[in-house]
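J.: Below are the structure tokens for one structure; questions will follow.
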Amino acid sequence: MKSLLPVLIAAPLLALAACNSKPSQPEVVDTNPDPMANVLANRAPIELPPAIKADKSFRCKDNSLVFVTFFQGDKQANVRLKEGETPVVLKASAAGEPKTAEGGWKLTGDEKSITLTTPKKAAQSCHV
């Protein structure tokens, strides 16, 4: 009986040790290749939109208000002639150049003072 006791204890331990073995490679569940993998790998890098640098309201020479949002990189500004209005996006090809949009829009200046030309008004200076 004494010689049977170690065998009775070792048998369940060996069975548990065999059940707990893990495979060396992970199991692959889906073998279907991604049809867009090559397209996504070869696409051009995505350029994020610029961050807002400043959002200012200006008083112009004719006593009107203009709302301008300046963006990082100094290549884009959004102009609104009335608060809550859809902005006109003005862009420049390089920093420091005048920002323009279709229809005769032109903006020069910085966050302290600007010169704005709109389709309905000639160039006028505006300041904070």
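The values are calculated or read from the model by the stated rules, or taken from the named source; none is laboratory data. The model shown is predicted, which means the values in this text are computed figures rather than measured ones. For neighbour counting, all protein chains shown are included, and Cβ atoms are generated from backbone atoms with ideal geometry for every residue, glycine included. Ligands, DNA and RNA are excluded from the accessible area calculation, which covers all protein heavy atoms including side chains. Shrake-Rupley method; radii C 1.70, N 1.55, O 1.52, S 1.80 Å.
J.: Take every Cα-Cα pair in the chain and report what % of them are more than 21 Å apart.
T.: On the way: 4925 of 8128 pairs.
In whole percent, the long-distance tail amounts to 61.
J.: Here's a follow-up. Straight-line reach only, C-alpha to C-alpha below 12 angstrom: list the aspartates and glutamates that residue 106 could link to, leaving out same-chain residues fewer than 8 apart.
T.: Filter leaves 97.
J.: Tell me whether region 64-128 comes out rounded, prolate or oblate; compute the Cα gyration tensor, take square roots of the eigenvalues as a ≥ b ≥ c, and use a/c under 1.5 as the rounded threshold. The partial results should precede the final answer.
T.: Numbers: a/c = 1.31, a/b = 1.26, b/c = 1.04.
It comes out rounded by the Cα gyration axes.
J.: Sticking with this one: Does anyone have the angle between helix 4-19 and the longest principal axis of the chain? Alpha-carbon axes, 0 to 90°, nearest 10?
T.: It is inclined by approximately 30 degrees.
J.: Between residue 65 and residue 34, what is 0.36 nm times their sequence separation minus the Cα-Cα distance? Round to one decimal in nm. Don't jump to the answer; show the numbers that get you there.
T.: Working: separation 31, 0.36 × 31 = 11.16 nm, distance 5.38 nm.
Length difference between fully extended and current span is 5.8 nm.
J.: Return the distance in nm (one decimal) between the two label points of a simple spin-label model at residue 27 and residue 52, each offset 7 Å from Cα along Cα→Cβ.
T.: Rounded to a tenth, the inter-label distance reads 5.1 nm.
J.: In terms of Cα to Cα distance under 25 Å, which lysines are near enough to residue 99, apart from those fewer than 8 places away along the same chain?
T.: 53, 56, 61, 75, 82, 91, 112, 120, 121
J.: I'd like the Karplus ³J(HN,Hα) series for region 66-82: coefficients 6.51, -1.76, 1.60, θ = phi - 60°, whole numbers in Hz, and an x wherever there's a Gly or Pro.
T.: Karplus-based 3J(HN,Hα) across region 66-82 equals 9, 10, 10, 10, 8, 10, 4, x, 6, 10, 8, 8, 9, 10, 10, 8, 10 Hz.
J.: Ok, one more. Ignoring ligands, DNA and RNA, what percent of the 1.4 Å accessible area of the chain is carbon and sulfur? Please report the intermediate quantities before stating the final value.
T.: Working: 5860 of 10060 Å².
On the chain, the fraction of accessible area on carbon and sulfur atoms equals 58 percent.
J.: In square angstrom, what is the accessible area per residue of region 19-128 with a 1.4 angstrom probe? Spell out each step's value before the answer.
T.: Numbers: 8310 Å² over 110 residues.
Heavy-atom SASA per residue in region 19-128 reads 76 Å².
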